[in-house]
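Peer 1: If you scroll down you'll find the structure; I have some questions about it.
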Amino acid sequence: MIVGVFYCCMKRLQYLDGYNLSLSTLMVKKHSPFSLLPEAETAYQNWRSWKLSVYPKQASEILVAINDPFSLSSEERDLINQCFLRANMAVYTINNVSDFANKKIVQTLGKEFGLLRLDNNLGADDDSITSLQVIAGGQKQGYIPYSDKKLSWHTDGYYNHAQEQIRGIILHCVNPAAEGGENALLDHEMMYIHLRDLDPAYISALMKPEVLTIPANVENGTEIRGAQTGPVFSIDTETGALHMRYSARKRNIIWTDDAVTTAAVSAIDDFLASDSPWILRHRLEPGQGLVCNNVLHNRTSFKNGAGSEHQRLIYRGRYYDRLAGTYFNDTAKAMSS
Ligand SMILES: [Fe+2]
């Protein structure tokens, strides 16, 4: 019933103006499973049980074959949406398009899933989609995404301004490397459950608005991006969904200096380094793509081969939008069906 109340609150939220939003925010906090308020405990327990029952046991469960990315069938769309609801992610596998380098695939699938507002991040191409590949020299040199080194655990855009948080991502594989380049993926909602099971005080610490600061990015004396401070976990008041902002990096990152936060960050690190079955591992093949609500992810190091088909090339779209059909009212509907 509490989920039903929350669902009603979220429906109402769609029509509220700025003044009423604060009232709705309170309602969301009272009934959200991601809230630590005592009155939200039942909502959390109900959602937790459901989530544990539907979360995939292996990466193959989030793979969905599609015939034509420019015209999905209703069955394909439904299968992908089910993956979104279960794990905040899906991996499509295109069966019959030979030109996987066509960027329109990313643009079309983004629109298909409600990802409309692209983040024009540093390093993106003119169309705001980024070609992730090894680049020697130039401005991108020194940035790990453009190297063959491993990428540690993170969510995308953890250094972005609060108004430009990355909620959705597409990673489309044109070519894999000759060796390596596997992604590990963890739905951030599962990380939330893990930490709250360990100690709800960890969640409380990680929801504090000052808990994580990424210092300004300064190149040759010029500030490219200002320092950004914000929470790790937050509840999106527009969608009721859980958002996570995180990087495992140890340099150029400032955590609030208190014992609970230190223990919480250590618990995150330990879990991400574990062999938990909740961590899904997959190496994208040509014509495959990860579509997700900015779940936690990393990348192993890789080695490119001689031919162009063995030079790793991934198109990345980062969006301010969350995937359509994954607002918390959609989860509530899935829970009650
Ligand atoms: Fe990333």
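The values are calculated or read from the model by the stated rules, or taken from the named source; none is laboratory data. Note that the coordinates shown come from a computational prediction; the quantities given were computed from them, not determined experimentally. With ideal geometry, Cβ positions are generated from the backbone for all residues, glycine too; neighbour counts draw on all protein chains shown.
Peer 1: Mind telling me which of the residues ALA178, ALA162 ends up being more than 13 Å from the ligand (Cβ to nearest atom), surrounded by fewer than 19 Cβ atoms within 10 Å (Cβ to Cβ), farther than 30 Å from ASP99 by Cβ and in contact (Cβ under 8 Å) with a residue 24 or more places away in the chain? Show your work before the answer.
Peer 2: On the way: ALA178 fails: farther than 30 Å from ASP99 by Cβ.
When all the criteria are applied, what remains is ALA162.
Peer 1: Would you mind finding the one in SER247, SER336 that is within 15 Å of the ligand (Cβ to nearest atom), touching a residue at least 24 places away in the same chain (Cβ under 8 Å) and surrounded by fewer than 22 Cβ atoms within 10 Å (Cβ to Cβ)? Write out each step before concluding.
Peer 2: Details: SER336 fails: within 15 Å of the ligand (Cβ to nearest atom).
SER247 is the lone residue from the list that is within 15 Å of the ligand (Cβ to nearest atom), touching a residue at least 24 places away in the same chain (Cβ under 8 Å) and surrounded by fewer than 22 Cβ atoms within 10 Å (Cβ to Cβ).
Peer 1: With the condition being among the hydroxyl-bearing types (Ser, Thr, Tyr) and under 26 Å from ASN329 (Cα atoms), I'd like the strands (runs of 3 or more DSSP E) fully within region 202-279 carrying at least 1 qualifying residues. Before you say what the answer is, go through the steps one by one.
Peer 2: Details: elements: 212-214, 217-219, 222-225, 228-230, 233-235, 242-244.
Filter on region 202-279 gives 233-235.
Peer 1: Surrounded by 13 or more Cβ atoms within 10 Å (Cβ to Cβ), under 30 Å from GLY110 (Cβ atoms) and modelled with pLDDT under 95: does that describe VAL28? Talk me through it step by step, then tell me what you get.
Peer 2: Values: surrounded by 13 or more Cβ atoms within 10 Å (Cβ to Cβ): yes; under 30 Å from GLY110 (Cβ atoms): yes; modelled with pLDDT under 95: yes.
Spelling it out, VAL28 is indeed surrounded by 13 or more Cβ atoms within 10 Å (Cβ to Cβ), under 30 Å from GLY110 (Cβ atoms) and modelled with pLDDT under 95.
Peer 1: Right, next: Looking at (1) surrounded by fewer than 19 Cβ atoms within 10 Å (Cβ to Cβ); (2) away from the ligand (no atom under 13 Å from the Cβ), which is the one condition that is false for THR331?
Peer 2: Going through the list (1) surrounded by fewer than 19 Cβ atoms within 10 Å (Cβ to Cβ); (2) away from the ligand (no atom under 13 Å from the Cβ), THR331 breaks only (1).
Peer 1: Just checking, how many residues over region 83-114 are in a helix (DSSP H, G or I) and closer than 15 Å to LEU313 by Cβ? Outline the logic, then answer.
Peer 2: Here is the first cut: in region 83-114, the residues in a helix (DSSP H, G or I) are 83-87, 104-112.
From the residues that got through so far, the ones that are closer than 15 Å to LEU313 by Cβ too are 105-106.
Residues flagged as in a helix (DSSP H, G or I) and closer than 15 Å to LEU313 by Cβ within region 83-114 amount to 2.
Peer 1: Name the one entry in ILE214, ILE224, ILE193 that is buried (at least 16 other Cβ atoms within 10 Å of the Cβ) and touching a residue at least 60 places away in the same chain (Cβ under 8 Å).
Peer 2: Numbers: ILE214 fails: touching a residue at least 60 places away in the same chain (Cβ under 8 Å); ILE224 fails: buried (at least 16 other Cβ atoms within 10 Å of the Cβ).
Going through ILE214, ILE224, ILE193 in turn, the sole match is ILE193.
Peer 1: Mind counting the residues in region 72-101 that are touching a helix residue (DSSP H, G or I) at 6+ places or on another chain (Cβ under 9 Å) and modelled with pLDDT under 95?
Peer 2: 2
Peer 1: Okay, moving on. From the list TYR146, TYR158, which residue is among the aromatic types (Phe, Trp, Tyr) and under 13 Å from the mean Cα position of the chain (by Cα)?
Peer 2: Details: TYR146 fails: under 13 Å from the mean Cα position of the chain (by Cα).
Going through TYR146, TYR158 in turn, just one is among the aromatic types (Phe, Trp, Tyr) and under 13 Å from the mean Cα position of the chain (by Cα): TYR158.
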